[in-house]
Structures are given as C-alpha cells and as structure tokens.
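Visitor: Would you mind keeping the following structure in view while I ask a few things?
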Amino acid sequence: MDDLESELRVPGELGENESSDDESINRKRIKKPNLPLAPPIFKEKPCETGFHKTTRNCLQHIREALLHHRWQKAAEYMSSYSQTLEDTTANMPQLYAEIIWRIGTEILHHHPDSKLEDYNSFYERVKHSGVKHYLKVCLEHSFHLLVNGQFEDAKRQLSIAESWRYGKQSADQSQRIKLIQAYSGFLDYIIWCEKKATVSSTDEYDAGVNQEMHSYFRQSSVNLKEIMKLPGVWDPFVLSYIDMLEFYNDHEGAVKVLNDYAYDNNLPPNPNAHVYLYRYMKKHDHPSKKLLKVLKILHTLVPSHELMLEYCSLLLQSDKEGDLQKALGVVLDLLDYASWRSNLDVWNHLMTIIKRLRLRKQWLKLVEEEMANRKDWWLAMHFTTFQARRDLAVNRELLEVKHFVVGAFCPRYASMYCGVGKETRKGVTSEAQKTKRSKKAEKDKESKTAKKAQKRTRKAKSRLTLRKLLERRRAHRQEQKCFKDA
C-alpha cells in the first residue's frame, strides 16, 4: 500500500522532510487521488503471532504469482498455505477453507500439468475442510466432471450432496439442496436423451430400454418440477422437461408448464419464457389468437425482439380494425432501434401498413398518434442524406421502400432523402453507361482489327494463288517451245 501511494504521488508534491524554495511553498498542494482499492483480506495486527504473519505473507506471494500467471509457483505456495486449516481461531478455518477452495480451483484450471485425478483429490479435501461450503463444492465438482464427460461420477457426487445432513447447516441450505436436486434431474434428462438416441437408431422395439427411459423420465420430472416452484430463471430445466413431455405426447402438460413459467407472479420477468411458449404453441398449430396474446406480452418486455416481425405479420392477417394500428406501433418500435434501421423486411411491413391505412378516411390521425413521441428525432434518424447514400449502397430496393414511406409521412424529408438518392443513382447510371460505352468501343476496335487481319490474309492468299498460276503458265509455254524445237 505504501509503495502504491509513492507511485501515485504527483511530482509536484513534497514530503515532510523535503526542502523547497519560497515559490514552491506558496504553491497549492495537489490532492492525492483517492482510488477505490479493495481492502486486504488479512490486515497486519499489532499482536499477531508468527504463524499469522507467515500465512499473511504466503497469501500475498500467492496473489503475486496469480497476477503474473506463475502457476507452478502459486501451487507450491498453496501447498504451504493449506496449513492454515489447523488454525483454531474462531471463524478462521471457514475463511481459510474458502480461500483455499477458490484460489486452488483457479490454479488447477490454469496449471498446464493438472489432471482429473488432481481435481478429484482437491475437491474431496476441500469438502471436508469447511462444512459451510460443502454443497457448493459438490456442485462445482459435478460441473467439472460433466465438462469432462464423467456423467456417472457427476451423478454420484450430486447424490452424495442430496443425502448430506449436518444439523442447522443443512436446514439453512435447503435452497441449495433443491438446486442440487434440480441438477440431478438434469443429469437424468441427459441419460434419458442417450437412451432415446439408442432407441431411435434401432428399428427393433426393446421393452427393457423403454422401461429404463421411463424410469429416468420419472426421476427427472420430480426434481425439475420442484425447482420451478422457486423464484428464479430456470431455462435449461424447463426446456429439458418440455422435451420429455413432448416425446411422450403430453402436450397439455407441456403448455401448462410453459404457461406457469411465463405468467407466474412469483417468478421474475423472463422474456425467454414467452419465447418458449410461443414457439411450442406455433409448432403444434395453436390458434393465432393465443399466439397474439403471447407475443403481445413479449412486445412489452422486449420491443426489439426478432419475433416482433411475426407479431406484425399476425396482426396484419387479423380482421380486427384496431390490429392494423397495433401493427404500425410494433413496426415503429422496431425501427427505434439501430439494429433494425436497415432491415428491408421491417420497412416492407411498414409500407404495407401505410397502403392499408390510406384506404381509411382518418389514416393521418392514426399515424400522428403513433408518431407523437417520435416527431423530434425519428425522421432525422432514418432519412438523412448520409442514410440515403448508405441505403443505396446496401440495397436499392430499401431506398425505394423508404422513399414511399417518407413520402407518406413527410414530403419535406422525401425531397431531401430521395433527391440524394436520385443524384447517387444518376452517378451510378452514368458510370455504368461509361463502362458500357468503353466496353463497346473495345469490342468494335477488336472486330475492326480482326476484319483487317482477315482482309490481309485473303489478299496474301490471292497473291500466292496468282503467282502459282503464272508459274504454271510459264512452265507450260517452255514445254511447248521445247516440243516444237524437237
């Protein structure tokens, strides 16, 4: 700490024993920066024993080794630090046990020579060194075994944790026991999936495997249903339970579970719950009225969700008069987010809505109601000159659709936005025409050159033919002359 303060000292500051001239004395002293440093775990005490001082220094060396990623050195110091568990001071063994657990796990994760046996022996030692963290260590141990594909060993660790009892400590950790039971049920689901894959890969019916599958299903269902009663986000457990119910064609039970998970007031708001419910109901052809109800609540939770496009499509398919205005609000909510700014599907939905609204007498009033909170920034966000050039570069069709939309909303922005688009399109067209003309000129030049070459070839052939003909005539005359002389 003293070294840190000396490093943070501003050069203009002076110590108590430092001399300075009159000018520096009158200068205002600069305040030291007050950094939010974490308090040390163990502070030096005036009456501390040599053992406590040694353990404090050892922990400092472990910290330095961890910060510099010297894992072998940290492991050597940790083997010495484990002697702190012999400290008989009140509440200190629990604190030491947690430090050894947290830091030791970190060292094992990064040490290049660590093996699965090292993890197992370390976790077993830590479990029996601190009763308070027994369930947490068991759960973490099972996670590590799961990552390494040791499903049976992970299941055994969770079973041991389920049966753990230690007086008041077990009563205070009832929620952790339920969490461990939930993960035990999740492991049963994984084993159930393996059995299902085995059954589906063979055409023959095996009664024993099916009975074993159903047994794992019952064990998993009991534990998974219990955890869903507690407040929390239980997405993996819910999805695994729904998968099993769907396999056994219990669609009503699956819908009930998803409804409870989405609408139970004791659970925190969870958009994923409504997504799972909607996708399951859509998969099994539930009426659009129920689908709209689910997506309506999802829209209030996450207006920028990707399912809002499907929500808008369902509203457009509805025959109710108010659903068209709702669809307009849903699309405008999507376009409030930058991630949807250049999405062609959203703008096509908006164009379709405007075309339908124009058939009504007071359609402008409906648009003004939805745009009341957006009139100061929405048009400037989507219809600038920069955005026009960008839209044209991304997709010309997007520019045309937005041209229609801005023309309906505000013609003043339409002239600015579309004017730039026309200029850009003219520039692109002129460049294309120039390229086309240059290609045509090159082709004409090549064709002329080819014609000239063909003409020269024909002339050369005709000259050669004429020369051969003259030579034949000359030879024929010489033969006749020789014949007459003879």
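The values are calculated or read from the model by the stated rules, or taken from the named source; none is laboratory data. Just so you know, these numbers come straight off a predicted model, no measurement behind them. Using ideal geometry, Cβ is built from the backbone for each residue, glycine included, and neighbour counts are taken over all protein chains shown. The area values use the complete protein model at the heavy-atom level, side chains included, leaving out ligands, DNA and RNA. Shrake-Rupley method; radii C 1.70, N 1.55, O 1.52, S 1.80 Å.
Visitor: At 1.4 Å probe size, put 124, 446 in order of accessible surface, largest to smallest.
Guide: 446, 124
Visitor: Per residue, how many Å² of accessible area does segment 231-353 show with a 1.4 Å probe?
Guide: 48 Å²
Visitor: In µm²/s, what is D for segment 196-351 at 10 °C and 1.306 mPa s, where D = kT/(6 pi eta Rh) by Stokes-Einstein and Rh is the Kirkwood radius from Cα pairs? Don't skip to the end; give the middle numbers.
Guide: Working: Rh = 17.8 Å.
Answer, rounded: 89 µm²/s.
Visitor: Can you classify segment 65-156 as rounded, prolate or oblate using the Cα gyration tensor, where a ≥ b ≥ c are the square roots of its eigenvalues, rounded means a/c under 1.5, and otherwise it's prolate if a/b beats b/c and oblate if not?
Guide: oblate
Visitor: Expected output is a single nm value to one decimal: the length gained when fully extending between residue 67 and residue 289, i.e. 0.36 nm times separation in residues minus the C-alpha distance. What is it?
Guide: 74.1 nm
Visitor: Extending each Cα 7 Å along its Cβ direction at residue 239 and residue 120, get the distance between those two points in nm, one decimal.
Guide: For residue 239 paired with residue 120, the spin-label model returns 3.1 nm.
Visitor: Something else now. Using a Förster distance of 56 angstrom, determine the FRET efficiency expected from the C-beta separation of residue 362 and residue 248, and round it to 0.05.
Guide: 0.55
Visitor: At 1.4 Å probe size, with no ligands or nucleic acids counted, give the accessible surface of residue 370 in Å², nearest ten.
Guide: It works out to around 50 Å².
Visitor: Using a basic spin-label model with each label point 7 Å from the Cα along Cα→Cβ, how many nm lie between residue 372 and residue 319?
Guide: Taking the two extended label points, one gets 3.1 nm.
Visitor: Taking a ≥ b ≥ c as the square roots of the eigenvalues of the Cα gyration tensor of segment 246-319, is the shape rounded (a/c under 1.5), prolate (a/b larger than b/c) or oblate?
Guide: The shape class here is oblate.
Visitor: For 305, 69, 476, what's the largest-to-smallest order of accessible area, 1.4 Å probe?
Guide: The most accessible residue leads, giving 69, 476, 305.
Visitor: For the pair residue 466/residue 162, report the inter-label distance in nm, with labels modelled 7 Å from Cα in the Cβ direction.
Guide: 11.0 nm
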